[in-house]
Every structure is written in structure tokens, then in C-alpha cells.
1. With the requirement that a residue be open to solvent by less than 80 Å² (accessible area, probe 1.4 Å), closer than 18 Å to Val320 by Cβ and modelled with pLDDT under 75, what does segment 278-289 give you?
2. Looking only at segment 78-135, count how many residues are farther than 25 Å from Gly280 by Cα and of a type in the set (Ser, Thr, Tyr).
3. Identify the single condition in (1) at pLDDT 65 or above; (2) more than 25 Å from the chain's Cα centre (by Cα); (3) surrounded by 14 or more Cβ atoms within 10 Å (Cβ to Cβ) that Leu270 does not satisfy, given that it satisfies every other one.
4. Please enumerate the residues belonging to segment 304-319 that are within 26 Å of Gly141 (Cβ to Cβ) and out of contact with any Asp or Glu (no Cβ under 8 Å at 6 or more places or on another chain).
Amino acid sequence: MASPEHDGPSGESRSGRHWRWVRWVLAVALLALLIGEGVYLAPRLHESWRALTEMHWGIALACVVAQAVSLSAFARVQKQLLAAGGVRVSQRRSLSVIYASTAMSVTLPAGQVFSTAFTYRETRRWGASPVVASWQLAISGVIAALGLALLGVSGALLVGGSANTTTLILPVAGVVALVVAVRYVRAHPRSIVAVGRWGLAKYNAIRGNAPDAGRARLDAVVDQVTSVRLGPRDAAAAAGFSAVHRLADVACLGLACFAVGADPTIYGLLLVFSAGKTVGSIPGAPGGLVIVDATLIATLTTAASISASQAVAAALVYRVVSFVLVAVVGWVVFLALFRSHRLEDARAEFEQESERTTAGE
């Protein structure tokens, strides 16, 4: 009979072999995709290279400016939502977090997780309560999804097709539900506290806890929610800046096409942009590498009515600006402004541990 000490390593070995097999399959699939894309694009690469060498650099610079405007507008959305929660932050600090979090999102494996955690930590540093910090992340994400859905639906309607209303209704309902819930809690805190305490008492009775266990935490959460004051003006400002964020990014894609001599249709750009962002949100390679590029090239050719060689060149320009350049700037911002925060966290934890040790003695 095998001893328990030998069972653990054997199980780990089988698990390791399983994951190695999965990684090999994914690697082969990615290689096949690259080869297939290379075979398809090979006859057009010469023309794409010529389009790049003859690129209009003034329009390319405008492409960079449009991307900067897009990120700046998204920083304004974050700033506006935090202000509704009573947290005042400058545009410069908000924008620095947007650049750094975007760099994490597009370059790291599971980048969305790191990006969200980083943004949450920084907003907490600015004085946001846990509820306000989480609420800001949730509602900004829902508003961004709503903007993307609107662009996709608009493109489909302009091209004469039919749009799936579910893709539009869900994000709209999400925004409305979040705003209504927060406003109701703020207007009726006592009723919410009463319902929450009743539910908490039932939970404590089932678990055998003390009747008032968790009551202080519940009251603190309600107090944090009631601090959020998202009035019509703040909501309109957040929605407006979110629209600028999306439209400026679409303009960046359009200018990338114009820079290489292409003349895309407006409705085609909306469809291409929506498809690229949707595919990019699927977990996989950092920044949707290869997958997003292939989607942009294919949809620029079919939906935006430009040649394949121009589509390759335009996709390359757009990805260099919106992916590579933003990632480089974001990591520079992170190293310059946020790298020391880990040291500060470690020092704070060390001081707290020292105080507990001294108190214990």
C-alpha cells in the first residue's frame, strides 16, 4: 500500500501533466491561427508595408491625440462617480490610475483582475469607503458596456441590419438598477437597516451566532451607501464623459485608417470597433493579442469596405497606439507614481505588527 506521502506528489504530477497537455493544445491552436493568418495575408503584406511607409504622419499624430482624449474622458467618469460618493480627486491623479490600470489590463495574464484590484486599492487611498470604491468600479463598467452596446446597435441600424435588443437592454437595466438602488437606500436608510437587521437576525439564529453579530458592520455599510449622492447632473456628466471615451476611441480607429490612405464607412467603423472590443473582453491572451488583430483586419475588410492590405496597415497603426503606446505610458506612470506604495503597505503592516507585539508584552 502506498503511503500518504507518496499520494500527494503523484496527484500533483498527474495534475501537472494535465495542465501541460492543455498548454500544448493552446500553443498549437495559437500557432495554427498565426500560420493561417500569415498565409492569408502574405500576398498583401507588400502593399500593407507600402501603405505604412507612405503613412500620413499628421493624421497618425491625431490618432494618438484621440486615444489620449479617450483615456482622459474615462478618467473624468471615474472622477465624477467618486465625487458623487464624497471623494474629491484631481483629474491628474484619476488619469494616472487609468493609465496604470489599463497597462495592467492589456499586458498581464488575467489583467482585468490586477487592474480592478489596483484601481480599488488606489481609490481607497483617496478616502473612498469599500462600498463607494466597489460601487464606482461597478457602475463605470456598466456605463462602458452600455456605450459599447449603443455603438454596436447604431452600426447595425445604419448598415440596414437588425440589432439584438438584449445587448442594449441589459446594460441599460444594469445602470438604472444601480442608480435606483443607491438612491432608494440613501432616501430610506431606516427601512433598509430594519430589513437588513431582520435578515441578519435570521442568519445568526441559523448559524447559532450572537443575535447582534454583524450589526455594526451592516450599519457601517448602509452609512457608506447613503454617502453616495448621484444626482441627475452627476449622472449626466458621467454618461457624457463615457460617450466621449468611446467616440474618441472610435475616432482613433478611423484616423488610423485615414493615415494609411483608407476611406472607411462610418457605420463600418462602429461595427469594427464593437467587434474588436467585444472579442478583446474574452479572457485569453493579454490585450487580446492576435485575436483582436485578426478580428479588426477581417471586419475592416468586410464591414468598413477597405482593402485587405489597408486593413492590415490600419489595424497595426491602431493597435500600436491603443495597445502598445498606452501600455508603455501606463507602466512608466506606474513605476514613477505607484511603485513605492507596496513599500508603504509593507511598512504600515510592519508597524502594526510591532504595536501588537509590544502590546502583547
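1. Once the filter is applied, which keeps residues that are open to solvent by less than 80 Å² (accessible area, probe 1.4 Å), closer than 18 Å to Val320 by Cβ and modelled with pLDDT under 75, segment 278-289 yields Ala285, Pro286, Gly287, Gly288.
2. Residues that pass the stated criteria total 3.
3. Unmet condition: (2).
4. Hit for segment 304-319 is Tyr318, nothing else.
The rows are residues; the columns are (1) open to solvent by 50 Å² or more (accessible area, probe 1.4 Å); (2) modelled with pLDDT under 60.
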| position | (1), (2) |
| --- | --- |
| Trp19 | yes, yes |
| Arg44 | yes, yes |
| Arg50 | yes, no |
| Thr53 | yes, no |
| Ala66 | no, no |
| Arg76 | yes, no |
| Leu81 | no, no |
| Ala110 | yes, no |
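The rows are residues; the columns are (1) modelled with pLDDT of 70 or more; (2) open to solvent by less than 50 Å² (accessible area, probe 1.4 Å); (3) in a helix (DSSP H, G or I).
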position	(1), (2), (3)
Val97	yes, yes, yes
Ser105	yes, yes, yes
Ala117	yes, no, yes
Gly127	yes, no, no
Ser134	yes, no, yes
Leu148	yes, yes, yes
Val180	no, no, yes
Tyr184	no, no, yes
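The values are calculated or read from the model by the stated rules, or taken from the named source; none is laboratory data. Because the structure is a prediction, the values reported are computed rather than measured. Positions of Cβ are generated from backbone atoms using ideal geometry, with glycine treated the same way; all protein chains shown enter the neighbour counts. With ligands, DNA and RNA removed, areas are computed over all heavy atoms of the protein, side chains included. Shrake-Rupley method; radii C 1.70, N 1.55, O 1.52, S 1.80 Å.
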